[in-house]
Structure formats: C-alpha cells, structure tokens
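Structure, as structure tokens:
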Amino acid sequence: MKDDITRVFPDARQDIDTCRKTPQTPQTEAPAYRLAFADDEFLCRDELRPVRLQLELLKPEMGMTEAGVDSTVVLFGGARIPEPAKKDSARTETLAGLSKYYAEAQEFARLMTLKSMETGGRENVIVTGGGPGVMEAGNRGAAEAGGRSVGLNIVLPFEQAPNAYVTPELCFNFHYFAIRKMHFLLRASAITAFPGGFGTLDELFEALTLIQTHRMKPVPFLLFGRAFWESIINWDVLADAGTISADDLNLFQFVETAQEAVEIIENWQG
C-alpha cells in the first residue's frame, strides 16, 4: 500500500517498533508472542511454504511494476562462459571458444537497451539470471547503453552472486526456481538463449513447452549459435520420431550475431 494514504489502523511497521519497546518478560520473550509477519522462524516453517511462494511472486512483481518495467527481453545463457579478454582462464577449450557469445550477448543487450530508451525505457528491458557469464554480459551491455536491466538471482552454493551490472533496484533474489522462471516470462516480449548448461536447457525447454502448448503467446525465440545447439540437440530426430510436430521447429530461430537478432525482433509479425 502507498505511504500517503489516510490510515485508520496502526501501520504494521509501527507495531513492530512498539513491540521492540515492550518490557522483557517471560511472556514477551516467548516465540508465541512475536508478531506473525515479523517472526522469521514462523515464516520459515514448512506449513508456510504457500505464503513464501506468494511472497516471491509478489515482491518482484511489485518492484518491476513500480519501476515501470512493462516488457522484457530475456537472456538465458551459461554462467561459465568467460568474456573474450579472459578466455584463457576458461575451464575448457570449448568454453574459451564460446567467449564470442559473451560479446554477442553484451552487444545485443546494448542495442536493445538503446532502442528501449528511445521510447522511454519501459519496454524491452533486458532481464537475465543476474549471475556471471552470459548473464553478466547482458546486464553489462544494458549498463553500457545507459539503461536499466533486471537480474533474477537465486540462492545457490556457488556461481550465482549478482553481477555488478544489474540495476540495484531491479536485482531480485529467489529461493524457488519455479517462481523465478515465472518472472522470466511474465513480461517477455522476446526470448534469447545463448550456449549454456543444465540451467539454460531447463529454461529454454520450459519456455518452448509453454509456447508449444499455447500456455504462452508466441514471441521471437532466438538461439544464438546454431553449431552449438545442433551439436547437443538433434531437433530433427525429435520431429521425425513424432515426439514433437514438424511445425514445432518453427517456434525458434537460430542466429549468430546481435544485429541479426535485433532485426528479427524489430520485424516480428507475431
């Protein structure tokens, strides 16, 4: 609720402050006495999972709405792909070779952000997973263009600290993968997928499935790096086997460069 509305009941934060000043007694020190919404131990109980799911859906939704983010361009891609200047530190020779897609993601995000800013910066805002690799490249390109970008982080034991280029007020953190994936797609006007691992594949196929089953409207769906994607997925075998229809292969397009991707998005007919 907005802070400037007329209130007839005490504000929740006022009651939290009031409780902090309550005299310490066995009763006031007991967990049962804590205000439910200010009780971390209570909120983390298994029975409160539905409430936590709702909160994770609501907080980023409110944050993006208040920030004026009307639509987004999604960048999926590997956390382990280095920037070209650091490709010698890559774990494998293949990852070093894939560093060109860091550069393409950075340039794509820069170009899309420049175009977004021409119309007020509310449409086609770049959104990434907020971490390193291709995600960092996307947020970095947006920052270089002087625009905003969203980062949807998730708590992991490794790799997933926010990168330095995410717009701070649009840097969200998640516990639930499912809710995070919803936020990737709720405002999506286009989806791009760069080379990556399990996480990228998970996000890619979830989005394709939603479009295939008409649970989501078609949007430009661009896979950067035909050679990579065709080497790890035999798309034609899926169609030949009948596990997908031949028309499903038209749900996405392969691209190689940022400029090519921008042109497809600009000329999208729906």
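The table that follows gives values for the structure above.
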item	result
Criterion: over 22 Å from K59 (Cβ atoms), of a type outside the set (S, T, Y) and in a strand (DSSP E or B) - qualifying residue of L222, L238	L222
V237 vs. criteria surrounded by 16 or more Cβ atoms within 10 Å (Cβ to Cβ) and modelled with pLDDT of 95 or more	no
Residue under evaluation M135, criteria (1) touching a helix residue (DSSP H, G or I) at 6+ places or on another chain (Cβ under 7 Å); (2) touching a residue at least 12 places away in the same chain (Cβ under 8 Å), criterion not met	(1)
Search result, residues across the stretch 200-239 that are among the small types (G, A, S) and in contact with a helix residue (DSSP H, G or I) (Cβ under 9 Å, 6 or more places away or on another chain)	A207, G225, A239
Scan of the stretch 55-69 for residues that are out of contact with any helix residue (DSSP H, G or I) (no Cβ under 9 Å at 6 or more places or on another chain) and either among the polar types (S, T, N, Q) or part of a loop (DSSP other than H, G, I, E, B) (or both), ordered by number	T65, G68
Number of the condition not met by Q106 [criteria: (1) in contact with a helix residue (DSSP H, G or I) (Cβ under 6 Å, 6 or more places away or on another chain); (2) more than 17 Å from G199 (Cβ to Cβ); (3) not in a helix (DSSP H, G or I)]	(3)
Residue check for I81: among the aliphatic types (A, V, I, L, M), modelled with pLDDT of 95 or more and touching a Leu at 6+ places or on another chain (Cβ under 9 Å)	yes
Residue match in the stretch 247-256 (condition: within 26 Å of E83 (Cβ to Cβ), of a type outside the set (A, V, I, L, M) and in a helix (DSSP H, G or I))	no
Hits in the stretch 140-164 - residues which are of a type in the set (A, V, I, L, M) and in contact with a Gly (Cβ under 9 Å, 6 or more places away or on another chain)	V150, L152, I154, L156, A161
Matching residues, the stretch 70-115, being among the small types (G, A, S), surrounded by fewer than 24 Cβ atoms within 10 Å (Cβ to Cβ) and under 12 Å from R140 (Cα atoms)	A103
Some residue of the stretch 150-159 being small (G, A, S), assigned to a helix (DSSP H, G or I) and either modelled with pLDDT under 95 or surrounded by 20 or more Cβ atoms within 10 Å (Cβ to Cβ) (or both)	no
Which numbered condition E29 misses (of (1) part of a loop (DSSP other than H, G, I, E, B); (2) modelled with pLDDT of 95 or more)	(2)
Residue that is aromatic (F, W, Y), surrounded by fewer than 20 Cβ atoms within 10 Å (Cβ to Cβ) and under 20 Å from R180 (Cα atoms), where the choices are F221, F198	F198
Pair list, Cβ < 7 Å and 6+ apart or interchain, from the stretch 80-101 residues that are touching a residue at least 24 places away in the same chain (Cβ under 8 Å) to residues that are among the aromatic types (F, W, Y) and crowded, with 17+ Cβ neighbours inside 10 Å	I81/Y101; I81/Y102; P82/Y102; E83/Y102; Y101/F194; Y101/F224
The stretch 116-128 - residue that is surrounded by 19 or more Cβ atoms within 10 Å (Cβ to Cβ) and among the hydroxyl-bearing types (S, T, Y) and, of those, farthest from G151 (Cα to Cα)	S116
Number of the exception - E41 against (1) modelled with pLDDT of 95 or more; (2) surrounded by 15 or more Cβ atoms within 10 Å (Cβ to Cβ); (3) in contact with a helix residue (DSSP H, G or I) (Cβ under 7 Å, 6 or more places away or on another chain)	(2)
Within the stretch 197-225, considering residues that are under 15 Å from the mean Cα position of the chain (by Cα) and small (G, A, S), the one farthest from G270 (Cα to Cα)	G199
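The values are calculated or read from the model by the stated rules, or taken from the named source; none is laboratory data. Quick caveat, the model's predicted, so the values are computed rather than measured. Here the Cβ is made from the backbone with ideal geometry for all residues, glycine too, and neighbour counts use every protein chain on show.
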